[in-house]
Amino acid sequence: MTENGVKTEEQGHIEAAQPKRIKKKRGDFRFGPTLGEGSYSTVILAREIESGREYAMKVLEKRHIMREKKVPQVEREKQVLSRLDHPFFVRLYFTFQDTERLYFGLSVARKGELLSKIKQLGKFDLECSRFYTAQIVSALQHLHSLNIIHRDLKPENILFNDKMQIQITDFGTAKELKDSGDEPRSSSFVGTAQYVSPELLKDKKACKSSDLWALGCIVYQMLTGQFPFKAPNEYLIFQQIVNCKYEFPEDFDPNARDLISSLLQLDPMMRLGSSSCGGYEKLMEHPFFTGIDWENLANQAAPKTM
Ligand SMILES: Nc1ncnc2c1ncn2[C@@H]1O[C@H](COP(=O)(O)OP(=O)(O)OP(=O)(O)O)[C@@H](O)[C@H]1O
Ligand SMILES: O=C(O)C[C@H](Cc1nc2cc(Cl)cc(Cl)c2[nH]1)c1ccc(Cl)cc1
């Protein structure tokens, strides 16, 4: 065996010595401002001293993770993020740990959350709504092609990078399906009240189509600045959801109305974009998306009003 561990000729075939990726450590970084706080994490801007590269360092206290029994969620987040390599998802570059903490090295989504943008503008105009709905559709098509469901898609989990492209995040509650994932599967996790699907409330089942229901809620919220299902408490919100009880404002764009109605279908198999309704191809052909260049979405400049 040679010094770098490569087998010599007589010891069998020559293996190219794969450079083992060296685990990074806290001391390799200079930490800057905090970008945000979660229930189990703090996200801090960090610059790698040697390379000068910047990361959003998501730091979790081991003690807190264990006490709150969130180990499976952290492992799931690492597992799912490691499989995602797509322009519309936050990128995981590395993980490491020290005695007290876990560290995720993520791409920096410097322009904040979709929720903040909707609140700041009050609501999006048609052009912005079309552009960002198309980006979310493109992202969901990729995620579902890997048989992963997000399960908690909402404007707080859709961030923006410097180019004002979406960066979907928060995969601790995602589900990796064993099969094509069209059949609803029992799910112990319930998402966020305003975006949770009727099948999850009625029979605790989630499927890819549950993310399409959340998409319908998000499109409605972009165009109106309001939730489609809103009430003074969660019980009343759930009642509206399972009865699919929501209204459109006067003079609402007809194509947008048709798209949202096709997504907010009680039966997950009846939702536009689900495999039983023509899949993503049919969804992308909806008139609401007229003018969208699906092949170049990631290279297009965001609408100027953003
Ligand atoms: N890659 C990132 N770039 C910039 N900011 C980020 C990034 N990831 C998360 N943040 C911000 O940091 C904050 C915490 O995010 P994090 O995902 O750790 O927790 P969370 O999911 O928001 O909270 P919770 O765990 O309660 O759901 C959020 O406000 C988010 O906007
Ligand atoms: O080094 C790796 O990549 C694997 C480890 C595995 C791992 N070690 C852990 C310790 C604790 Cl206390 C909790 C979790 Cl979730 C833990 N996960 C790890 C380290 C950091 C992160 Cl962010 C995730 C997983």
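The values are calculated or read from the model by the stated rules, or taken from the named source; none is laboratory data. All values reported here derive from a predicted model rather than from experimental measurement. All Cβ positions, even for glycine, are placed from backbone atoms using ideal geometry, and neighbour counts span all protein chains on display. Only protein heavy atoms, including side chains, enter the accessible area calculation; ligands, DNA and RNA are left aside. Shrake-Rupley method; radii C 1.70, N 1.55, O 1.52, S 1.80 Å.
Counting heavy atoms of the protein chains alone, LEU266 has an accessible area of about 60 Å² for a 1.4 Å probe. Which residue fluctuates the most in the chain, going by a Gaussian network model with Cα springs under 10 Å, if the choices are ARG53, ARG76, ARG130? Fluctuation is largest for ARG53. Rounded to the nearest 20, the Cβ-based charge dipole of the chain about its Cα centre (Lys and Arg +1, Asp and Glu -1) stands at 1040 debye.
Straight-line cross-link reach from LYS24 at under 12 Å between alpha-carbon atoms covers these aspartates and glutamates, not counting any fewer than eight positions away in the same chain: GLU48, GLU50, ASP98.
For ILE148, the amide hydrogen comes within under 5 Å of the amide hydrogens of LEU177, counting only partners 5 or more places away or on other chains and with H modelled in the peptide plane. For region 138-219, which whole percent of the accessible surface, found with a 1.4 angstrom probe, sits on carbon and sulfur atoms? C and S fraction of accessible area: 47 percent. Mean projected area of the Cα convex hull of region 225-266, taken over all directions, amounts to 3.3 nm².
Percent of C-alpha pairs per 10 Å bin in the chain, short distances first: 6, 25, 31, 22, 10, 4, 2, 0, 0. In plain terms, the C-alpha convex hull of region 88-188 casts an average shadow of 8.7 nm² when viewed from every direction.
The Cα trace of region 1-159 gives Rg and Dmax of 19.9, 72 Å, the first to one decimal, the second as a whole number. What the chain shows is 52 Å² of accessible area per residue, with the surface traced by a 1.4 Å probe over protein heavy atoms.
Note on LYS119: lysines with a C-alpha under 22 Å away, same-chain residues under 8 apart excluded, are LYS111, LYS154, LYS163, LYS230, LYS304.
Between GLN79, GLN18, GLN135, the GNM of the chain built on Cα springs shorter than 10 angstrom shows GLN18 fluctuating the most. Calculated on the alpha-carbon coordinates, the convex hull of region 181-301 measures out at 125 cubic angstrom per residue. For PHE89, nonlocal amide neighbours, meaning residues 5 or more places apart or on other chains whose placed amide H falls under 5 Å from its own, are ILE168.
At the listed q of 0.31 Å⁻¹, the Debye profile of region 64-118, built from one uniform point per Cα, gives log10 I(q)/I(0) equal to -1.20. When ARG91, ARG101 are compared by accessible area at a 1.4 angstrom probe, the order from most to least is ARG91, ARG101.
Other residues lying with their Cβ under 11 Å from the Cβ of PHE160 contribute a combined charge of +2, Lys and Arg counting +1, Asp and Glu -1.
Between GLN239, GLN165, GLN265, the Gaussian network model of the chain with springs among Cα atoms under 10 angstrom shows the greatest mean-square fluctuation at GLN239. When the Cα positions of SER129, LEU200, SER145 are compared along the charge dipole of region 73-211, SER129 comes out farthest toward the positive end, with charges on each C-beta of Lys, Arg, Asp and Glu. Taking other residues whose beta carbon is less than 14 angstrom from the beta carbon of GLU37, and scoring Lys, Arg as +1 and Asp, Glu as -1, yields -3.
Dividing the Cα radius of gyration of region 125-165 by its Kirkwood radius returns 0.99 for Rg/Rh. Would you give the gap between the C-alpha center of region 19-52 and the C-alpha center of region 154-173, rounded to a whole Å? Rounded to whole Å, the Cα centres lie 19 Å apart.
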